[in-house]
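Structure first, then comments.
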Amino acid sequence: MNKRRVLFLCTHNSARSQMAEGFLRAMAGDRFETQSAGTERSSVHPLAIRAMAERGIDISTHTSKVYDSLITQRWDYLITVCDDANERCPFVAGAVERLHWSLEDPSRAPGSDEARLMAFRRIRDAIEKRLAEWVAMT
């Protein structure tokens, strides 16, 4: 069975796209091959790693990638998870279907580490719910 290929795109590939990649591997890694990338390179946000660890998913070994190296590949689904990436992402010739899920950037949340972690948890939970619904329909 050929796995369907999914690319999650975000601006920095530090939180939302990394969490989506981790969740899809955990939920349906037998059905999907998944990667994530950004329009800019940074690093995986420590609070994203912590929030995912609370769900038993380790993304601590993930690295931030820029989409340039991935857009020439064939993708069954290209899913942008932030508005900026949706607007800035060029046409990807290898993408069969392009989806956009507008998700707030938790790394911009103000306040203490605990308050910021709450923002990461809220987005993590939104991604988990959205992916569970999408996987069930796909």
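The values are calculated or read from the model by the stated rules, or taken from the named source; none is laboratory data. Since the model is a prediction, treat every value here as computed from it, not as a measurement. Note that each Cβ is placed from the backbone with ideal geometry, even for glycine, and that neighbours are counted across all protein chains shown. Heads up: the accessible areas ignore ligands, DNA and RNA and are worked out on the full protein's heavy atoms, side chains in. Shrake-Rupley method; radii C 1.70, N 1.55, O 1.52, S 1.80 Å.
Scanning segment 31-82 for residues that are part of a strand (DSSP E or B) and not charged (D, E, K, R) turns up Phe32, Thr34, Gln35, Ser36, Ala37, Gly38, Val66, Trp75, Tyr77, Leu78, Ile79, Thr80.
Residue pairs whose Cβ atoms lie under 8 Å apart, separated by 6 or more positions or on different chains, with the first residue in segment 13-33 and under 20 Å from Ser43 (Cα atoms) and open to solvent by less than 10 Å² (accessible area, probe 1.4 Å) and the second of a type in the set (Asp, Glu) and in a helix (DSSP H, G or I), are Phe23/Glu128.
Within segment 108-138, being open to solvent by 90 Å² or more (accessible area, probe 1.4 Å) and touching a Phe, Trp or Tyr at 6+ places or on another chain (Cβ under 8 Å) holds for one residue alone: Arg130. Count of segment 10-30 residues, restricted to those that are in contact with a strand residue (DSSP E or B) (Cβ under 8 Å, 6 or more places away or on another chain) and under 18 Å from Ile57 (Cα atoms), is 9. Every condition in (1) of a type outside the set (D, E, K, R); (2) in a strand (DSSP E or B); (3) at pLDDT 90 or above holds for Leu131 except the one numbered (2). Would you confirm whether any residue within segment 36-52 is more than 26 Å from Glu114 (Cα to Cα) and open to solvent by 50 Å² or more (accessible area, probe 1.4 Å)? Within segment 36-52, one or more residues are more than 26 Å from Glu114 (Cα to Cα) and open to solvent by 50 Å² or more (accessible area, probe 1.4 Å). Residues in segment 1-12 that are open to solvent by 10 Å² or more (accessible area, probe 1.4 Å) and within 14 Å of the chain's Cα centre (by Cα): Arg5, Thr11, His12.
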